[in-house]
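First comes the structure, then the notes that go with it.
Just so you know, all these numbers are worked out from the coordinates, no wet-lab data involved. Everything numeric here is computed off the predicted structure, so don't read it as measured data. Note that each Cβ is placed from the backbone with ideal geometry, even for glycine, and that neighbours are counted across all protein chains shown.
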Amino acid sequence: MPAPLACSSCDRTYDDRWRCRCGAPLDFAAQPLPDGSPPPALDRDRGLWAFDDFLPVDPRVSLGEGWTPLVDAPGWDAAFKLEYVFPTGSFKDRGAATTLSRAAELGVDRVLEDSSGNAGAAVATYAARAGVDARIFVPASASESKLRAIERAGAEVVRVEGSREAVTDACATAVEAGEGWYASHAWNPAFFAGTATFAFEVAAARGWTAPDAVVTPLGHGTLFLGAHRGFRALYEAGWIDRVPRLFGAQAAGYAPIADALHGGTRALPTDSASGIRIREPVRRDQLLEAVAETDGDVFAVGEDAIQRELDALHRAGFYVEPTSAVAPAALRSFRDAGVLSPDADVVVALTGSGLKS
């Protein structure tokens, strides 16, 4: 029986729906947490579902995703979690696996998604694995390499002119018209159940200790919120003794959370970092709450800093796309501003492969 959903704003609950009637995003209704201590060993062959005590979705669709490396990055005095080491080359596979697993639970025969590239490629690929039709709405300017990944998985690509928000609006209109089930990385709570496994893996790799801080890119906040929910669940279960501070990295000109915290700037919009060029994140209030709850922060990073960091990452052996460079670039800014101490124990997420740039 698929897990029920609850509104994040009012008290409505649903068996399944893409958003509440009040317009707010939905989350899974509260689930019981496991009792006792962490298990002495985890079966990594089960992928994300090694943590099934925390997952409200059964493992119906998988490509062996998960357990990405956590490696030292001496040039940054941090550890990098290599989230680009996934079947489709981005962390979005975490959410696609759980979202398509829920779609399979519900007997869905077609999924719809809107994406600048990585989420669309992930949803298309996992839909193919599930034997489900997929239609992916993309900006007309989307990367050809990412579009090829979507099309070769057998999904229909719908190019939309205009802003990133126009792409979402076109997809939502199709969902409301009954043309498919919304496998949205921003709206669908199953996606966040998948990205929460990032936190589970970080804690497990560190012997069930949380770092002082975690830095992720932040557009719709799929990984940022997933990390917050994952670490909080581990803390509430007694598996870790604290929730790390969470720091988000946004692209200049597309930084609504940083602007809300620090006031707007006149920075020129970035040309790169297309994966996080979001001006109206669906879960804005939840993002601000996560920052406040963890004593975190969000900064915007400009184009020059992104390109410098991307070059440094490539020279150090981390072949990532420009969006991935935003988080380590922001790490330098957080330290320079004194928001994060130089000796803090930090994990940084590198989210997408340079092979798709």
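Note on residue 279 and residue 319: their simple-model spin labels are 3.6 nm apart, each label 7 Å out from Cα toward Cβ. In plain terms, if you count all Cα to Cα distances in the chain and split them into 10 Å steps from zero, the share in each step is 6, 27, 37, 24, 6, 0 percent. In this rough spin-label picture, where each label sits 7 Å from Cα along the Cβ direction, the residue 161-residue 341 distance is 5.6 nm. Among 13-21, 296-304, the peptide with the highest mean count of other Cβ atoms within 10 Å heads the list, and the full ranking is 296-304, 13-21. Restricting the calculation to Cα atoms, the range 148-206 yields a radius of gyration followed by a Dmax of 15.5, 47 Å.
Just tell me which aspartates and glutamates come within less than 16 Å, Cα to Cα, of residue 146; anything on the same chain fewer than 8 places away is out. List returned: 93, 113, 114, 156, 321. Helix-only arithmetic for the chain: the sum of -39500 (n - 2.57) across DSSP H runs with n ≥ 4, divided by the residue total, places the mean residue ellipticity at 222 nm at -11000 deg cm²/dmol. Size of the range 120-160 from its Cα atoms: along the principal axes, largest to smallest, the extents are 28, 16, 12 Å.
Indicate the gyration tensor shape class of the range 92-186 (rounded, prolate or oblate), computed on the Cα atoms with a ≥ b ≥ c the square roots of the eigenvalues: a/c under 1.5 is rounded; otherwise a/b larger than b/c is prolate and the rest oblate. Taking the square roots of the gyration eigenvalues as a ≥ b ≥ c, the range 92-186 is oblate.
Roughly what % of Cα-Cα distances in the range 180-332 sit above 20 Å, to the whole percent? Above the 20 Å cut-off, the range 180-332 has 49 percent of its Cα pairs.
The ranking of 9, 184, 62 by Cβ neighbour count inside 10 Å, starting from the fewest, reads 9, 62, 184.
Charged side chains reduced to their Cβ positions (Lys and Arg at +1, Asp and Glu at -1) give the chain a dipole of some 440 debye around its Cα centre.
For 293, 144, the sequence from fewest to most other C-beta atoms within 10 Å is 144, 293.
Once the chain from residue 144 to residue 208 is taken as fully extended at 0.36 nm per residue, the excess over their C-alpha distance is 19.0 nm.
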